[in-house]
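Q: Take this structure first; my questions come after.
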């Protein structure tokens with residue numbers, strides 16, 4: 001049983017902790033939290049031992065009914081492996097902490113690729129992280145692009161990939177971040193950092209990306225173009241290959257899912273925890289082949305698509321399952337590839353179109 | 001066992017159906033749905049018999065794997081009581097359908113008050129609906145105002161109430177409604193219809209309301225002022241009375257819940273179905289007494305605060321439980337007044353403030 005500590009219990013950390021708890025081969029031995037706020041109350045309610053990032057706030061935690069289990073140093077000491085889900089940049093500072101305790105660790109995609117020996121995507125390069133001490137699970141956007149690129153690259157070859165990332169301004173609890181009423185080039189330089197980040201997963205892929213931020217909080221949306229080396233006669237062949245992928249969902253026209261708002265409503269109706277959408281959501285109508293140019297639009301849930309990737313990365317580090325075994329187990333325990341969001345034939349297969 | 005049909009399976013209908021299913025004394029005998037979309041798929045997944053609002057679309061439903069159980073006429077015939085959760089205005093048109101079958105029915109607050117003999121709020125006038133054939137559950141905003149007003153009126157008397165309603169533009173799946181980037185007087189005439197609507201619950205209350213729409217989808221926010229007839233010495237007395245109400249939540253400062261975004265994040269963390277918040281959420285810091293003027297701000301979840309009210313209204317019509325008995329049973333079965341959202345002492349009582 002792999003004992004996992006989670007350092008940073010925010011948007012990603014709380015979701016990764018819950019996902020770990022759902023696995024038969026790993027256990028959450030504690031979570032480290034900086035602020036005694038509603039999220040900390042949630043950690044205590046979930047019965048996770050809570051460790052202090054800042055030891056001076058012990059009394060503040062106690063005043064809201066949370067008795068801390070110790071310091072983050074002690075959590076690292078008690079864990080076989082750490083998941084660092086602290087804010088971007090803090091993770092890199094934490095690496096020395098994990099090294100001091102000789103504890104392997106996962107970092108998130110907000111860190112530079114140099115934070116760890118390997119950048120990780122479960123579909124593409126699980127084996128590269130096997131037995132590593134440190135790995136970085138790439139960001140939500142890079143994860144989403146990599147999942148889409150993988151089957152295309154394998155089956156048709158990619159001459160060139162281009163993607164425009166219409167990024168949400170912040171998460172639903174980050175309404176103060178902006179932008180408001182604007183579409184802001186971010187970064188204004190082209191290519192954005194996302195292209196090179198995808199190349200940490202596909203070193204030989206020729207890809208350019210453009211990034212913007214818009215005043216939404218629900219999901220990122222990608223407009224993707226891939227120029228194929230060998231295009232099939234019909235886009236339906238590509239569609240069927242994408243449909244066979246475990247972490248891609250095709251959204252059929254009849255469903256009336258016209259944006260991230262309806263996608264989230266759908267996920268909540270389906271009983272997904274926190275309304276999370278772990279899969280890339282590709283609008284089926286947008287899948288288009290013009291000569292050798294493949295186009296589509298996909299929505300990426302920034303709060304959760306990396307969650308199953310973190311679970312798989314933990315198994316890669318510990319080395320006790322192969323990539324396919326781990327992905328399958330993660331999918332099954334979380335409910336990915338099951339249920340109405342993507343497993344129902346009537347949602348994922350072609351259907352008569354509603355008027 | 002009360003057999004309930006739900007006509008209209010959208011934002012309110014799907015939630016009311018799930019809430020009815022959680023009750024020991026009632027059962028959903030079917031839901032009527034107009035469009036064969038993702039919400040219809042959800043109804044079938046939940047094993048609700050689906051009835052056609054529009055009989056001509058039977059084939060479209062079948063094409064997505066839904067075999068209709070019949071027409072809405074048949075559903076009304078088979079039900080002891082109907083919940084009409086169709087769009088505003090359609091409910092009034094449906095009244096003749098229910099009358100034709102001699103089936104009692106609930107309408108929603110989007111209808112004019114004249115649609116039914118009594119307008120209903122479980123806290124205030126449960127008894128008035130007891131044994132009625134038709135009742136209207138008042139709107140989300142009127143429900144939210146009534147719940148706040150009730151304990152204030154009972155304990156201190158109200159000389160005058162005034163409320164500014166900062167209304168969300170649409171629900172999360174209604175992103176096409178607008179406004180975008182504006183705060184729109186809506187209605188521009190003062191008082192808005194909300195004040196008179198509250199008077200359907202409190203006929204003698206002197207209340208004026210102002211309504212605006214803003215580009216949000218998560219919750220309404222009310223800025224409330226009540227001039228008391230007999231003010232207490234200290235606001236803490238009022239706070240304690242509000243805290244004792246079963247469908248009011250006080251949000252403490254330390255929690256870091258600074259808006260509807262964090263409120264929804266909190267509700268999702270707490271495992272609430274669809275992230276629903278059935279209770280008024282009052283920011284404790286905003287509760288202020290200036291002479292005889294009481295002020296506060298509260299958030300109202302437009303998709304769900306009327307859900308427990310619908311359940312209670314069904315029992316009022318059928319007459320088999322008293323108001324307090326029904327409210328208590330509804331609260332217990334849904335989890336209102338329990339759990340960390342409002343029942344935990346450490347969230348609802350005064351706490352040391354986090355820095």
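Q: Only one residue in B:182, B:186 is within 14 Å of chain A (Cβ to nearest Cβ) and more than 21 Å from residue B:119 (Cα to Cα), so which one is that?
A: On the way: B:186 fails: within 14 Å of chain A (Cβ to nearest Cβ).
On inspection, the qualifying residue turns out to be B:182.
Q: Strands (runs of 3 or more DSSP E) wholly in segment B:208-315 with at least 3 residues that are under 30 Å from residue B:17 (Cα atoms) - which ones?
A: Numbers: elements: B:220-228, B:248-251, B:280-283, B:288-290, B:293-300.
Because the criterion is at least 3 residues that are under 30 Å from residue B:17 (Cα atoms), the strands (runs of 3 or more DSSP E) in segment B:208-315 that meet it are B:220-228, B:248-251, B:280-283, B:293-300.
Q: Is it the case that residue A:258 is surrounded by fewer than 17 Cβ atoms within 10 Å (Cβ to Cβ) and within 14 Å of another protein chain (Cβ to nearest Cβ)? Spell out the reasoning first.
A: Values: surrounded by fewer than 17 Cβ atoms within 10 Å (Cβ to Cβ): yes; within 14 Å of another protein chain (Cβ to nearest Cβ): yes.
Taking the combined requirement at face value, the residue satisfies it.
Q: One residue is enough: does segment B:303-310 have a residue meeting the conditions within 14 Å of chain A (Cβ to nearest Cβ) and out of contact with any helix residue (DSSP H, G or I) (no Cβ under 8 Å at 6 or more places or on another chain)?
A: No: zero hits.
Q: A further question on this structure: Please indicate, with yes or no, whether at least one residue in segment A:137-158 is closer than 21 Å to residue A:75 by Cβ and surrounded by fewer than 24 Cβ atoms within 10 Å (Cβ to Cβ). Write out each step before concluding.
A: Filtering segment A:137-158 down to residues closer than 21 Å to residue A:75 by Cβ leaves A:137.
The next check asks that each one be surrounded by fewer than 24 Cβ atoms within 10 Å (Cβ to Cβ); those that pass are none.
No, segment A:137-158 contains no residue that is closer than 21 Å to residue A:75 by Cβ and surrounded by fewer than 24 Cβ atoms within 10 Å (Cβ to Cβ).
Q: If I filter segment B:190-210 for residues that are crowded, with 21+ Cβ neighbours inside 10 Å, within 13 Å of chain A (Cβ to nearest Cβ) and in contact with a strand residue (DSSP E or B) (Cβ under 6 Å, 6 or more places away or on another chain), do I get at least one hit?
A: No, segment B:190-210 contains no residue that is crowded, with 21+ Cβ neighbours inside 10 Å, within 13 Å of chain A (Cβ to nearest Cβ) and in contact with a strand residue (DSSP E or B) (Cβ under 6 Å, 6 or more places away or on another chain).
Q: Residues to consider are B:120, B:107; find the one that is in contact with a helix residue (DSSP H, G or I) (Cβ under 8 Å, 6 or more places away or on another chain), closer than 17 Å to residue B:8 by Cβ and surrounded by 24 or more Cβ atoms within 10 Å (Cβ to Cβ).
A: Numbers: B:120 fails: closer than 17 Å to residue B:8 by Cβ.
Step by step, each of B:120, B:107 is checked, and only B:107 is in contact with a helix residue (DSSP H, G or I) (Cβ under 8 Å, 6 or more places away or on another chain), closer than 17 Å to residue B:8 by Cβ and surrounded by 24 or more Cβ atoms within 10 Å (Cβ to Cβ).
Q: Being at the interface with chain B (Cβ under 9 Å from one of its Cβ atoms) and within 18 Å of residue A:87 (Cβ to Cβ): is that true of residue A:54 here?
A: On the way: at the interface with chain B (Cβ under 9 Å from one of its Cβ atoms): no; within 18 Å of residue A:87 (Cβ to Cβ): yes.
Here the answer is no, as residue A:54 does not meet what is asked.
Q: Hey, can you tell me all the residues within segment A:261-281 that are more than 8 Å from every other protein chain (Cβ to nearest Cβ) and either surrounded by fewer than 24 Cβ atoms within 10 Å (Cβ to Cβ) or closer than 20 Å to residue B:262 by Cβ (or both)?
A: Selection gives A:267, A:272, A:276.
Q: While we're looking at this one, here's another question. Name every residue in segment A:57-77 that is buried (at least 18 other Cβ atoms within 10 Å of the Cβ), in contact with a strand residue (DSSP E or B) (Cβ under 9 Å, 6 or more places away or on another chain) and either in contact (Cβ under 8 Å) with a residue 60 or more places away in the chain or in a loop (DSSP other than H, G, I, E, B) (or both), in order of residue number.
A: Within segment A:57-77, A:66, A:68, A:72, A:75, A:76 meet the criteria.
Every residue, every condition in (1) within 12 Å of chain B (Cβ to nearest Cβ); (2) in contact with a strand residue (DSSP E or B) (Cβ under 6 Å, 6 or more places away or on another chain), yes or no:
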site: A:36; (1), (2): yes, no
site: A:50; (1), (2): no, yes
site: A:89; (1), (2): no, no
site: A:93; (1), (2): no, no
site: A:102; (1), (2): no, no
site: A:105; (1), (2): no, yes
site: A:114; (1), (2): no, no
site: A:131; (1), (2): no, no
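Q: Assuming residue A:169 fulfils every condition listed in (1) closer than 16 Å to residue A:205 by Cβ; (2) surrounded by 19 or more Cβ atoms within 10 Å (Cβ to Cβ) apart from one, which condition is it?
A: (1)
Q: Can you find even one residue in segment B:71-78 that is closer than 30 Å to residue A:263 by Cβ, modelled with pLDDT of 95 or more and within 12 Å of chain A (Cβ to nearest Cβ)?
A: Going residue by residue through segment B:71-78, those that are closer than 30 Å to residue A:263 by Cβ are B:72, B:75.
In the following step, the residues that additionally are modelled with pLDDT of 95 or more were identified as B:72, B:75.
Checking the rest, the ones that are also within 12 Å of chain A (Cβ to nearest Cβ) come to none.
For segment B:71-78, residues closer than 30 Å to residue A:263 by Cβ, modelled with pLDDT of 95 or more and within 12 Å of chain A (Cβ to nearest Cβ): absent.
The values are calculated or read from the model by the stated rules, or taken from the named source; none is laboratory data. Everything quoted here is computed from the prediction, not taken from an experiment. Every residue, glycine as well, gets a Cβ built from its backbone with ideal geometry; the counts of neighbours run over all protein chains shown.
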